[in-house]
């Protein structure tokens, strides 16, 4: 397995924190510290004639049925109609940053993970509030679900990973996952959970044994900010504040492929987010104000 840089996209004037799929299969949205949501044409490696300006830094994006949901640093959630470019809703339940927006396709819900330690759960049909879950006294960094959408796991700023059932969102497991902060997480094809922390470790948890620890990996030099899994092609990508991306096999048995500045033309600063584009391409965004499109070669 190897990966090469296809394009590096530069137009933003601030650090980038969020990526989402665009209006077509060859497009993506990006946003961050310059308070502008841009759309990119990936074939031409340039911006489309589309932009949304927000009142504060953008931390999260979600493309949902031709609507773009934007989560900002002041707790606002903007719902934009992508056909008319009109704002349909401005939801203001939270007063701190929305770090992650997660779409539960199975149950038709949108989760907003907030720096105030809570998660709001919304009905995307009318944007009514379904639940407001107070889970932690620290930030909620990210959410993910298992394959049948029966469980949701939340990464918390106190280092815990909280797992709820999805009928009433009762907490059924609470894992002491990392020192200081649990920043990222995903369910593996096996059903086990992988988490990444400020302590630079990846840890794998056994879903069949009460999420007991299976393996811990000293994966990066600094905090791990994002994890994506390509089940079809059989690899995992992790992004870190140490300016690198690493590609792993699903069992984490082989030496990872390191995508850095020196050897692969990678990012100059912290890598903050990843987005799967197709079976062999993904995107990354960084404090260096750029997006890189990567192609993975399975050899």
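The values are calculated or read from the model by the stated rules, or taken from the named source; none is laboratory data. Just so it is clear, the structure is predicted and the values come from calculations on it, not from any experiment. Virtual Cβ from ideal backbone geometry, glycine too; neighbours counted across all protein chains shown.
Hey, which of the strands (runs of 3 or more DSSP E) in segment 1-92, taking only ones fully inside, have at least 1 residues that are without any contact (Cβ under 8 Å) to a residue 40 or more places away in the chain and closer than 30 Å to residue 297 by Cβ?
Values: elements: 2-10, 16-21, 27-32, 36-41, 46-53, 58-64, 67-72, 77-81, 87-91.
The strands (runs of 3 or more DSSP E) meeting that bar are 27-32, 36-41, 46-53.
Quick check on segment 119-128. Is at least one of its residues buried (at least 21 other Cβ atoms within 10 Å of the Cβ), modelled with pLDDT of 95 or more and more than 17 Å from residue 168 (Cα to Cα)? No, that holds for no residue.
Residue by residue, here is whether (1) at pLDDT 95 or above; (2) surrounded by 18 or more Cβ atoms within 10 Å (Cβ to Cβ); (3) out of contact with any helix residue (DSSP H, G or I) (no Cβ under 7 Å at 6 or more places or on another chain); (4) within 20 Å of residue 283 (Cα to Cα) holds:
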{"site": "41", "(1), (2), (3), (4)": "yes, no, yes, yes"}
{"site": "75", "(1), (2), (3), (4)": "yes, yes, yes, no"}
{"site": "89", "(1), (2), (3), (4)": "yes, no, yes, no"}
{"site": "110", "(1), (2), (3), (4)": "yes, yes, yes, no"}
{"site": "144", "(1), (2), (3), (4)": "yes, yes, yes, yes"}
{"site": "151", "(1), (2), (3), (4)": "yes, yes, yes, no"}
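One line per residue, one yes/no per condition, for (1) in a strand (DSSP E or B); (2) without any contact (Cβ under 8 Å) to a residue 40 or more places away in the chain; (3) under 15 Å from the mean Cα position of the chain (by Cα):
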site	(1), (2), (3)
247	yes, no, no
266	no, no, no
273	yes, no, yes
282	yes, no, yes
285	yes, no, yes
292	yes, no, no
296	yes, no, no
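Of all residues assigned to segment 96-105, at least one qualifies as being part of a loop (DSSP other than H, G, I, E, B), at pLDDT 95 or above and surrounded by fewer than 20 Cβ atoms within 10 Å (Cβ to Cβ).
Taken over segment 173-214, the criterion of being without any contact (Cβ under 8 Å) to a residue 60 or more places away in the chain, surrounded by 15 or more Cβ atoms within 10 Å (Cβ to Cβ), in contact with a strand residue (DSSP E or B) (Cβ under 7 Å, 6 or more places away or on another chain) and not in a strand (DSSP E or B) is satisfied by 177, 178, 181, 192, 198, 200, 211. For segment 237-250, the criterion of being within 22 Å of residue 39 (Cα to Cα) and surrounded by fewer than 19 Cβ atoms within 10 Å (Cβ to Cβ) is met by no residue. For segment 259-270, the criterion of a residue being buried (at least 22 other Cβ atoms within 10 Å of the Cβ) and under 26 Å from residue 114 (Cα atoms) is satisfied by no position.
Selection of segment 267-287 for residues being under 17 Å from residue 236 (Cβ atoms) and at pLDDT 95 or above yields 271, 273, 274, 275, 276, 277, 281, 282, 283, 284.
If I filter segment 154-162 for residues that are touching a strand residue (DSSP E or B) at 6+ places or on another chain (Cβ under 9 Å), modelled with pLDDT of 95 or more, surrounded by fewer than 22 Cβ atoms within 10 Å (Cβ to Cβ) and more than 21 Å from residue 100 (Cα to Cα), do I get at least one hit? No, segment 154-162 contains no residue that is touching a strand residue (DSSP E or B) at 6+ places or on another chain (Cβ under 9 Å), modelled with pLDDT of 95 or more, surrounded by fewer than 22 Cβ atoms within 10 Å (Cβ to Cβ) and more than 21 Å from residue 100 (Cα to Cα). Just to be sure before I move on: is residue 132 more than 20 Å from the chain's Cα centre (by Cα) and touching a residue at least 40 places away in the same chain (Cβ under 8 Å) in the structure I sent? Here the answer is no, as residue 132 does not meet what is asked. For segment 47-65, state whether one or more residues are out of contact with any helix residue (DSSP H, G or I) (no Cβ under 9 Å at 6 or more places or on another chain), crowded, with 16+ Cβ neighbours inside 10 Å and at positive phi. For segment 47-65, residues out of contact with any helix residue (DSSP H, G or I) (no Cβ under 9 Å at 6 or more places or on another chain), crowded, with 16+ Cβ neighbours inside 10 Å and at positive phi: absent.
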